[in-house]
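Scroll down for the structure; my scribbles are underneath it.
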Amino acid sequence: MITIVSSTNQKNSRSRQIAEYYRQQIQQAGAEARIVDLADLPIDFIYSALYANFGKHDAFNAIRDSVENASKLIFIVPEYNGSFPGVLKAFLDGFHYPSKLSGKMVALVGISDGGSGNPLGMSHLTDIMSFMNATVLGLRVKIPFLKKNWVEGEIQDEFIKTLIRQQVETLVSF
């Protein structure tokens, strides 16, 4: 089972749409996939589930555990102010220590309205994943210019489609 994390807490986000697209690609490659959407996090989790309240919020724990217990992960990472959403960092801060992501394969997908596809956000997230001892797949897919490259639930750029297929095939076979 591959778990895809839609890494923003915005409802009905394009991150969620891209996660659905990835789920379909993974299923076509013969594997199972599920989506964890950070939009489903409890609204008060920063106060009620982290630090001194670790383990005390059942709804947060269920979402956290579904990610920590995944065998393989994909993070769909939208660009927020040149990095990734703060909610993703707060979510990761609620994980167990030592990390239950240790040794697990993680794939990163950067998305942005601008021309870069969020390489800085993926770099920042790679540093965090390395600290958590996860193995980050070298092929990091960048999807820039979302208004042009994401139309009616489909990637428009053939090169990006090829990179997605390669990333999915590598993750499935790992």
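Nearest 500 deg cm²/dmol is fine: what mean residue ellipticity at 222 nm does the chain get from its DSSP H runs of n ≥ 4 alone, each adding -39,500 (n - 2.57), divided by its residue count?
Helices in the chain give a 222 nm mean residue ellipticity of -12000 deg cm²/dmol.
Looking only at trypsin sites (Lys or Arg not before Pro) in DSSP loops with at most 14 other Cβ atoms within 10 Å, what is the longest site-free stretch of the chain?
Counting at most 14 other Cβ atoms within 10 Å as exposed, the longest clean stretch of the chain is 57-174.
So for the pair PHE131, ASN81, with labels modelled 7 Å out along Cα→Cβ, what separation do we get in nm?
Between PHE131 and ASN81, the label points sit 1.7 nm apart.
For ASN149 and HIS96, FRET efficiency with R0 = 35 Å and r from the beta-carbon atoms, rounded to 0.05?
Working from the Cβ atoms, E equals 0.45.
Tell me which label goes with the value of log10 I(q)/I(0) by the Debye sum over Cα atoms at q = 0.10, 0.17 Å⁻¹ computed from the coordinates here: (i) -0.50, -1.08; (ii) -0.43, -0.93; (iii) -0.34, -1.03.
Only one listed value fits the structure, namely (iii).
Where does helix 158-173 land angle-wise versus the long Cα axis of the chain, in degrees 0 to 90, nearest 10?
Taking the Cα atoms of the chain, the angle to 158-173 is about 50 degrees.
Can you give the FRET efficiency to the nearest 0.05 for ASP65 and SER123, using r as the Cβ-Cβ distance and R₀ = 35 Å?
Efficiency, rounded to the nearest 0.05: 0.80.
Accessible area per residue of the stretch 23-170 at 1.4 Å probe, in Å²?
Here the per-residue accessible area is 48 Å².
If you look at just the Cα atoms of the stretch 93-161, how large are its Rg and its Dmax in Å?
Values for the stretch 93-161 (Cα only, Rg and Dmax): 14.3, 41 Å.
For the chain, what does the relative contact order come out to in percent, with C-alpha contacts under 8 Å and a separation of six or more?
This gives 22 percent for the chain.
The values are calculated or read from the model by the stated rules, or taken from the named source; none is laboratory data. Everything numeric in this text was worked out from a predicted model, so none of it was measured. Backbone-built Cβ (ideal geometry, glycine too); neighbour counts: all protein chains shown. Keep in mind that these areas ignore ligands, DNA and RNA; they rest on the heavy atoms of the full protein, side chains included. Shrake-Rupley method; radii C 1.70, N 1.55, O 1.52, S 1.80 Å.
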